[in-house]
Amino acid sequence: MNRHNLTSGLLAVCGLAALHGCAMDVTELEDAALGTHEQAELAYNPGSGWNLVWSDEFDGTSLNGNNWNVLTSNWDPVTNNCNFGTGELEYPRAQNVTVGGGKLILTAERTSDNPMDPRCTGYGPRSFYSGRIHTKGKVEKKYGKIAASIKVPSGYGMWPAFWTLGANISSTPWPGCGEIDILEWHSNDPTWMKSATHWHNGGQADWGTGASGGYNLADSFHVYEVEWTATSMVFRLDGNIVANNTYYHNETEFQQPHYIILNLALGGNWYGNPSPASIALPAGTKKTMEVEWVRWYQQGTTPPPINSLTNPGFESGMTGWSTWSPNGTDAADFSETHNGGHSGSYHLTHWTNGTPFEVWTYQTRTGLATGNYKVRAWVRKGGGFDLARLQAKTCGSCSPVFTDLGTYGNWTLVETPAIYVSGGYLELGFHTRLSSGNPANYIHMDDVELIRL
């Protein structure tokens with residue numbers, strides 16, 4: 001998102017028009033009836049042979065700092081530039097990045113505070129606050145399927161984006177690091193998912209494509225993805241391959257790890273550098289870019305389970321699993337066939353027909369080789385809990401690493417953060433607590449794995 005030479009004829013015309021004061025006409029065009037395509041939370045199947053190697057489901061109440069960095073000014077310390085090389089009008093800050101209700105929310109709002117980083121004094125103050133996050137130094141991978149369920153905001157000047165940059169950007173500045181734009185949305189073409197790649201070939205080199213859903217993509221969730229291999233990239237909107245979709249490549253920029261960026265920009269050079277006054281975001285209002293999940297899949301790269309767990313699919317009842325409860329509610333965990341299991345007939349359930357409970361269902365492993373491990377499991381969950389975690393710890397009284405379990409209508413693969421084992425011992429499983437009885441609150445868990453990284 002550091003440049004934009006690749007635009008449709010309509011964008012090129014409207015971009016020039018905006019420079020000559022016709023931005024309001026563009027807004028009126030955008031508001032024409034295009035229909036809507038409302039959807040519930042989106043399921044996603046990467047297809048056979050694809051293994052989940054990283055994800056963020058945004059199930060907690062704050063951003064996971066193990067995954068993301070939050071920008072807090074219009075100066076980018078990674079790229080060492082102001083306004084992100086595109087003349088954007090926003091000033092990112094932490095207050096405009098929130099997590100709640102199973103979603104990441106990046107919020108844009110007009111401001112009269114005139115924020116400006118002192119390293120960017122030559123560019124003038126910014127007119128908007130917004131949110132921008134990235135995984136540099138935390139999640140950097142090469143190849144695979146990168147997908148996200150995103151709702152972008154409508155309105156002239158909105159520039160939401162889901163994209164990647166080469167992890168070597170600090171030593172090899174853009175475009176030599178490479179860039180993959182999975183999604184960019186422009187109000188002049190509201191039915192279109194715009195995708196592109198950028199690299200260096202004696203100067204800036206570009207390739208672009210896009211897909212029209214036939215309806216306004218804004219204000220409802222859609223799945224945006226790229227399938228990236230050593231020789232090609234295929235872009236998809238809601239599982240459908242986009243027109244002229246395949247980018248064939250051999251550039252070194254795309255043979256190295258990349259990191260992910262999510263941001264809600266306003267204005268900038270893609271809109272022809274419009275004035276702040278023309279942006280469709282009146283004072284006192286807010287617009288949001290919302291993300292249900294981001295996932296990275298790779299082929300044949302999931303480490304095999306090690307030191308196999310006993311009865312990981314609960315086909316043999318609770319054999320191999322221990323239960324701890326501080327208040328005698330051990331019976332809240334049991335193996336059952338209700339609604340079937342993930343891959344078999346049985347699964348673990350935590351539920352007591354509306355009675356408060358707290359249960360820790362776990363296995364222990366000894367003799368583990370020193371190194372980093374994760375616990376993975378498939379989960380379905382309904383209702384609210386005081387505490388609901390997949391967790392692991394290296395001693396009975398040690399603090400655990402854990403993943404808070406969200407609400408999952410379908411079976412969903414979740415995993416803990418990495419935990420370093422040096423003494424050979426690991427205790428792993430599910431810890432839940434419900435202090436206010438509600439028979440609608442349940443958790444189903446199945447196919448537990450211990451993975452050595």
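Some points to look at:
- The set of residues in the range 329-353 that are open to solvent by less than 20 Å² (accessible area, probe 1.4 Å) and more than 32 Å from the chain's Cα centre (by Cα) contains only 332.
- Candidate set from the range 368-424 (those that are among the aromatic types (Phe, Trp, Tyr) and touching a residue at least 40 places away in the same chain (Cβ under 8 Å)); member that is surrounded by the most Cβ atoms within 10 Å (Cβ to Cβ): 373
- Residue within the range 78-91 that is under 19 Å from the mean Cα position of the chain (by Cα), modelled with pLDDT of 95 or more, of a type outside the set (Val, Ile, Thr) and over 29 Å from residue 227 (Cβ atoms) present: no
- Some residue of the range 198-217 being closer than 12 Å to residue 162 by Cα and open to solvent by less than 10 Å² (accessible area, probe 1.4 Å): no
- Search result, residues across the range 88-107 that are out of contact with any strand residue (DSSP E or B) (no Cβ under 7 Å at 6 or more places or on another chain) and within 21 Å of residue 127 (Cβ to Cβ): 95
- When residue 434 is tested against the conditions (1) in contact (Cβ under 8 Å) with a residue 60 or more places away in the chain; (2) surrounded by fewer than 18 Cβ atoms within 10 Å (Cβ to Cβ); (3) hydrophobic (A, V, I, L, M, F, W, C), the lone failure is (2).
- Taken together, the criteria place residue 361 among residues that are closer than 16 Å to residue 446 by Cβ and surrounded by 14 or more Cβ atoms within 10 Å (Cβ to Cβ).
- Among the residues making up the range 174-193, those that are charged (D, E, K, R) and either part of a loop (DSSP other than H, G, I, E, B) or in contact with a His (Cβ under 6 Å, 6 or more places away or on another chain) (or both) are 179, 189.
- Qualifying residue in the range 252-267 (condition: within 30 Å of residue 225 (Cα to Cα), in a strand (DSSP E or B), in contact (Cβ under 8 Å) with a residue 40 or more places away in the chain and acidic (Asp, Glu)): no
- Residue ID - nearest to residue 124 (Cα to Cα), chosen from residues in the range 68-77 that are open to solvent by 30 Å² or more (accessible area, probe 1.4 Å) and more than 14 Å from the chain's Cα centre (by Cα): 75
- Residue satisfying all of: in the range 224-236; of a type outside the set (Ser, Thr, Tyr) and open to solvent by 10 Å² or more (accessible area, probe 1.4 Å); nearest to residue 154 (Cα to Cα) among these: 236
- For the range 98-155, a tally of residues being open to solvent by 10 Å² or more (accessible area, probe 1.4 Å) and of a type in the set (Gly, Ala, Ser) returns 9.
- Identity of the residue in the range 141-159, of a type outside the set (D, E, K, R) and in a loop (DSSP other than H, G, I, E, B), that ends up farthest from residue 279 (Cα to Cα): 143
Rundown of residues vs (1) in contact with a Ser or Thr (Cβ under 8 Å, 6 or more places away or on another chain); (2) open to solvent by 60 Å² or more (accessible area, probe 1.4 Å); (3) among the acidic types (Asp, Glu); (4) at pLDDT 95 or above, yes/no style:
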| residue | (1), (2), (3), (4) |
| --- | --- |
| 243 | yes, yes, no, no |
| 249 | yes, no, no, no |
| 280 | yes, no, no, yes |
| 300 | no, yes, no, no |
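- Scan of the range 223-240 for residues that are touching a His at 6+ places or on another chain (Cβ under 8 Å) and either within 19 Å of residue 190 (Cβ to Cβ) or among the charged types (D, E, K, R) (or both), ordered by number: 237, 238
- Residue 55 being among the hydroxyl-bearing types (Ser, Thr, Tyr) and crowded, with 21+ Cβ neighbours inside 10 Å: no
- Within the range 279-354, strands (runs of 3 or more DSSP E) holding 1 or more residues that are within 26 Å of residue 366 (Cβ to Cβ): 322-324, 333-336, 347-350
The values are calculated or read from the model by the stated rules, or taken from the named source; none is laboratory data. What you see is a predicted model, and the numbers here were worked out from it, not measured in a lab. Every residue, glycine as well, gets a Cβ built from its backbone with ideal geometry; the counts of neighbours run over all protein chains shown. Just so you know, the surface numbers come from the protein's heavy atoms only, side chains and all, with ligands and any DNA or RNA stripped out. Shrake-Rupley method; radii C 1.70, N 1.55, O 1.52, S 1.80 Å.
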